[in-house]
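A.B. asks: Just dropping this structure here.
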Amino acid sequence: MHRFSLSRVVSPSLVASPFVGLAGGRRYNSSGTKKDLYAVLGVPRNATAEQIKSAYKKRAKTLHPDVNPSPRAAEDFAEAKNAYETLSDPQKRSMYDMTGNSSAAGNFGGGGPGGGFNPFAGGQNPFANMGGNNPFGQGAGQQGGGGFSFNDFEEIFQKMSGSGKDKTRKPQGPEPGADIHYRLKLPFLDAVNGCSKEISFNTMRRCGACSGSGSQDSGTHTKCPQCGGRGKKVMSTGFFHMQQDCTHCGGTGELGRTTCTQCSGKGIVKDRSVQTLPVPKGIDNKERLKVSGKGEAGVRNGPPGNLYVEITVEEHPVFHREGTDIHVITPISLSQAILGGSVRVPTLTGEVETKVPAGTQQGDKLVLRGRGVNRPNQNKTGDFYIHFAVMLPKTLTEQQKKAIADFAKDEQPLELNDAQLQELKGRYRSWFSS
C-alpha cells in the first residue's frame with residue numbers, strides 16, 4: 001500500500017479555500033495570543049521608522065540570550081525581532097495596523113519579486129490546527145499552532161468592506177450623493193411643443209448645522225499626521241492595492257472634531273425638493289432627461305448626485321407619432337373619393353384645408369413636408385401624413401340606389417394583373433396581422 005503525506009501534497013483548489021471560508025461564513029482561528037508589536041518595542045503607534053529602529057536596537061542589546069541570563073530571554077528577543085521586522089516594513093506595518101495581527105502581516109510579502117500572499121510562510125501547513133473545519137479530517141497535516149490564520153484573512157476583507165466587528169470606526173470621508181430617478185407623464189402636445197413642469201420629490205440636502213461636513217468644529221482641529229489631511233491611506237500588500245479611510249482621524253483628514261448631532265455625522269438630512277423642469281421641444285416617449293447636480297447631496301460634502309427624469313408621453317386621440325413624423329386618418333365620403341373635393345384636416349398647428357384627388361382609394365395618403373415634430377436640439381423636423389379612409393354609406397335613399405344601379409350598368413368587370421394584385425397586398429398587409 002502506498003502512503004502519501006498530506007502535509008506535503010496540497011491541492012491547488014484548497015489553497016484558495018480562504019475565499020471559500022469567507023463566503024461560507026466559516027472561521028478558522030489561530031492559536032496563541034496576539035501581542036501589540038508597538039508595546040513589545042515600547043513605542044507609540046505613530047512612531048517614525050527611525051524611532052522603531054532605535055527602540056529595537058536597545059531591546060536587542062538587553063534581551064539577547066548571550067547577555068541576558070533570564071530563561072525568557074530567547075523568547076523575548078524573538079518577539080522583539082518579529083516586531084521590528086513587521087513594523088520596519090511599510091507594507092507589513094500597514095497590514096498590521098489594519099488587522100492587528102502580525103501573522104497576517106507576515107504572510108504578505110513586499111512588492112518585489114516573490115512578494116505577495118504566502119499562505120505557507122515559515123514552512124507551516126496552512127490547514128494545520130483547523131479543528132473540526134480541517135478539510136483533511138482530524139490529524140491531517142502538521143501538528144501545532146502558527147502558520148496562516150484564516151480568521152486574519154477574513155478580518156482583512158471585513159476591514160476593507162466595513163463589515164468587521166469594530167463598529168466604532170465608521171467611514172468618515174466624503175461620498176458622492178445618490179442619483180434620483182423620477183417618472184414624469186406628459187400630455188401629447190406638451191411633449192411635441194415643449195413645456196416647463198414643476199416636480200417635487202424626497203431627497204437628502206446638506207445639513208445646515210455643520211455645513212455638510214458631518215462634524216462640529218471644536219476650534220482646535222488640526223491636520224491628521226497619519227494621512228496628511230487626505231482622510232485616506234493607500235496600502236500596498238504584494239498584489240493588493242487598497243485605499244481605506246484613515247483610522248487615526250476616521251477619514252476626515254483632521255483631528256479635534258466632534259460628530260454633528262443633527263445629521264449623525266453624515267452631513268445630510270432628509271428634505272423635500274421642488275424643481276422647475278424645462279422640457280425640450282419634441283421629446284419622445286421613454287426618453288430620459290438628466291439634470292446634473294440635482295440629485296441627493298453628497299455625504300460629508302461629497303459631490304451631489306444627478307436627477308434623471310424618465311418621460312412617458314400620453315396617447316393623443318387623433319395624432320399618432322413615429323419618431324418625428326405625425327400620422328392622422330382623415331375620413332372622406334364615397335362621392336369625394338370618386339369625384340374629388342376638399343376636406344379640413346387637423347394638424348399640430350391647427351386645421352388646414354386639403355384637396356382630395358378624384359379617384360382616391362382606401363388608404364391613399366398625402367404628405368405635408370416639414371409639418372411634423374420639430375426637434376431643435378437635433379436639427380430635425382418630421383413630416384405630416386394624411387391617410388384617407390373612404391366611408392361607405394350603410395343606408396341609401398331610393399334616388400341614390402337608382403343612381404348606383406345606373407352606374408353599375410356601365411361598370412366594367414375588374415381585371416387586375418399580378419403587379420396590381422401585389423400592390424394591393426402590400427397596401428393592406430396590416431390586415432393579415434389580425
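The values are calculated or read from the model by the stated rules, or taken from the named source; none is laboratory data. Everything numeric in this text was worked out from a predicted model, so none of it was measured. Glycine also receives a Cβ, built like all others from the backbone with ideal geometry; neighbour counts cover every protein chain displayed.
A.B. asks: Can you tell which of Pro90, Pro71 is within 30 Å of His241 (Cα to Cα) and modelled with pLDDT under 90?
C.D. replies: Pro90
A.B. asks: State whether the residues of region 234-250 include one that is at pLDDT below 90, over 30 Å from Arg93 (Cα atoms) and part of a loop (DSSP other than H, G, I, E, B).
C.D. replies: no
A.B. asks: For region 41-83, name all the residues that are assigned to a helix (DSSP H, G or I), among the β-branched types (Val, Ile, Thr) and within 45 Å of the chain's Cα centre (by Cα).
C.D. replies: Ile52
A.B. asks: Run down Thr395, Thr330, Thr349 and say which single residue is among the polar types (S, T, N, Q), surrounded by 16 or more Cβ atoms within 10 Å (Cβ to Cβ) and either outside the structural domain of Glu287 (by TED's automatic domain parsing) or at pLDDT below 95 (or both).
C.D. replies: Result: Thr330 is the single residue among Thr395, Thr330, Thr349 that is among the polar types (S, T, N, Q), surrounded by 16 or more Cβ atoms within 10 Å (Cβ to Cβ) and either outside the structural domain of Glu287 (by TED's automatic domain parsing) or at pLDDT below 95 (or both).
A.B. asks: Name the residues in region 315-334 that are of a type outside the set (Ser, Thr, Tyr) and over 29 Å from Pro393 (Cβ atoms), would you?
C.D. replies: Glu315, Arg321, Glu322, Gly323, Asp325, Ile326
A.B. asks: Every residue in region 358-384 that is closer than 22 Å to Gly194 by Cβ, surrounded by 13 or more Cβ atoms within 10 Å (Cβ to Cβ) and in contact (Cβ under 8 Å) with a residue 40 or more places away in the chain, please.
C.D. replies: Arg371, Gly372, Val373, Asn374, Arg375, Lys380, Thr381, Gly382, Asp383, Phe384
A.B. asks: Okay, moving on. Which of the residues that make up region 317-363 are hydroxyl-bearing (Ser, Thr, Tyr) and either under 30 Å from Gln378 (Cβ atoms) or out of contact with any helix residue (DSSP H, G or I) (no Cβ under 7 Å at 6 or more places or on another chain) (or both)?
C.D. replies: Quick first cut of region 317-363, residues hydroxyl-bearing (Ser, Thr, Tyr) only: 324, 330, 333, 335, 342, 347, 349, 354, 360.
Those that are hydroxyl-bearing (Ser, Thr, Tyr) and either under 30 Å from Gln378 (Cβ atoms) or out of contact with any helix residue (DSSP H, G or I) (no Cβ under 7 Å at 6 or more places or on another chain) (or both): Thr324, Thr330, Ser333, Ser335, Ser342, Thr347, Thr349, Thr354.
A.B. asks: Among the residues of region 285-315, what is the count of those that are crowded, with 16+ Cβ neighbours inside 10 Å, part of a loop (DSSP other than H, G, I, E, B) and not polar (S, T, N, Q)?
C.D. replies: So the count comes out to 9.
A.B. asks: Still on this structure: When you look at Thr354, is it in contact with a Gly (Cβ under 9 Å, 6 or more places away or on another chain), within 17 Å of Gln336 (Cβ to Cβ) and either surrounded by 11 or more Cβ atoms within 10 Å (Cβ to Cβ) or of a type in the set (Lys, Arg) (or both), yes or no?
C.D. replies: Against the criterion (in contact with a Gly (Cβ under 9 Å, 6 or more places away or on another chain), within 17 Å of Gln336 (Cβ to Cβ) and either surrounded by 11 or more Cβ atoms within 10 Å (Cβ to Cβ) or of a type in the set (Lys, Arg) (or both)), Thr354 does not qualify.
A.B. asks: Could you tell me which of the residues Lys402, Lys355 is farther than 30 Å from Leu189 by Cα, of a type outside the set (Phe, Trp, Tyr) and without any contact (Cβ under 8 Å) to a residue 40 or more places away in the chain? Spell out the reasoning first.
C.D. replies: Numbers: Lys355 fails: farther than 30 Å from Leu189 by Cα.
That would be Lys402, the only listed residue that is farther than 30 Å from Leu189 by Cα, of a type outside the set (Phe, Trp, Tyr) and without any contact (Cβ under 8 Å) to a residue 40 or more places away in the chain.
A.B. asks: If Ile311 meets every condition in (1) touching a Leu at 6+ places or on another chain (Cβ under 7 Å); (2) within 30 Å of Ala389 (Cβ to Cβ) apart from one, which number is that one?
C.D. replies: (2)
A.B. asks: Could you list, in sequence order, all residues of region 251-270 that are touching a residue at least 40 places away in the same chain (Cβ under 8 Å), in a strand (DSSP E or B) and surrounded by 14 or more Cβ atoms within 10 Å (Cβ to Cβ)?
C.D. replies: Listed by number, the residues that qualify are Arg257, Thr259, Ile268, Val269.
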